[in-house]
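Right, one structure below, let's go through it.
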Amino acid sequence: MTESFANLVRALRQELEHYGEMLALLESQQQQVAARCADGVYQSIAPIKLQAVAIQKARAHREERCAELAQSLQQAKGANFAELMPLLPADCRPLLRALVEENNELLVRVRQRVRQNHLRLSRSIELMQSLINSLCPAAELNVYNGRGNMKARRPLRRSIYDAVG
């Protein structure tokens, strides 16, 4: 059990590290959005995608280590932390509890930052679309429906330049 516990602790720490790296990348992207640096925002996408893959791998590794610990404690492979915690020695519980809580808290922060970045990027796109439409009416206009969702409407076609005369 000691080895499987140590492996799980390492996996939780690795997952925590990956969440921290993702948060740093998302904060950097948010700064690029705030600075209206389109190239910086574009360049931030690839590292974020790579980090998302690293998080998925770290999560899968942690789940394997958790199943390994469950098996060493003679529990079902799908046992969760709440089920395993009481079966661990009292001196091991605080470390595991702290790592699990820290991972959960960081995951919440990452999700919040992703939502914030998405909203800011969406708003930037809406503003640019509005500018483009004001300069040159497009084939479709985006309007909000009663539920606050975007709905496309076709305007009447006009020429770009209407001659007077």
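The values are calculated or read from the model by the stated rules, or taken from the named source; none is laboratory data. Not measured: the values here are computed from a predicted model. We place every Cβ from the backbone using ideal geometry, glycine too, and count neighbours over all the protein chains shown. Please note that ligands, DNA and RNA were not included when accessible areas were found on the heavy atoms of the full protein model with its side chains. Shrake-Rupley method; radii C 1.70, N 1.55, O 1.52, S 1.80 Å.
If you take all other residues with their beta carbon under 14 Å from the beta carbon of Leu127, and give Lys and Arg +1 and Asp and Glu -1, the sum is +2.
Across segment 49-66, coupling constants 3J(HN,Hα) worked out from phi with the 6.51/-1.76/1.60 Karplus curve, θ = phi - 60°, read 4, 4, 5, 4, 5, 4, 5, 4, 5, 5, 5, 4, 5, 4, 5, 5, 5, 5 Hz, and Gly and Pro carry x. Of the whole protein surface, Ser72 contributes about 50 Å² of accessible area at a 1.4 Å probe radius. Heavy-atom accessible area for Glu3, with the other protein chains in place and a 1.4 Å probe, reaches approximately 140 Å².
Converting phi to 3J(HN,Hα) with the Karplus coefficients 6.51, -1.76 and 1.60 and the offset θ = phi - 60°, segment 23-29 yields 4, 5, 5, 5, 5, 4, 4 Hz in sequence order, with x at every glycine or proline. In this structure Val100 has an accessible area near 30 Å², from a 1.4 Å probe over the protein heavy atoms. Other residues within the sphere of radius under 14 Å centred on the Cβ of Asn7, judged by their own Cβ, net out at -1 (K and R +1, D and E -1). Full extension of the chain between Asn80 and Arg123 yields a length gain of 11.5 nm, computed as 0.36 nm times the residue separation minus the alpha carbon distance. For the set Glu105, Glu68, solvent exposure ranked by accessible area (probe 1.4 Å, protein chains only) runs largest to smallest as Glu105, Glu68. Taking θ as phi - 60° and the Karplus parameters 6.51, -1.76 and 1.60, the scalar couplings of segment 101-113 work out to 5, 5, 4, 5, 5, 5, 4, 4, 5, 4, 4, 4, 5 Hz in sequence order, x denoting glycine and proline.
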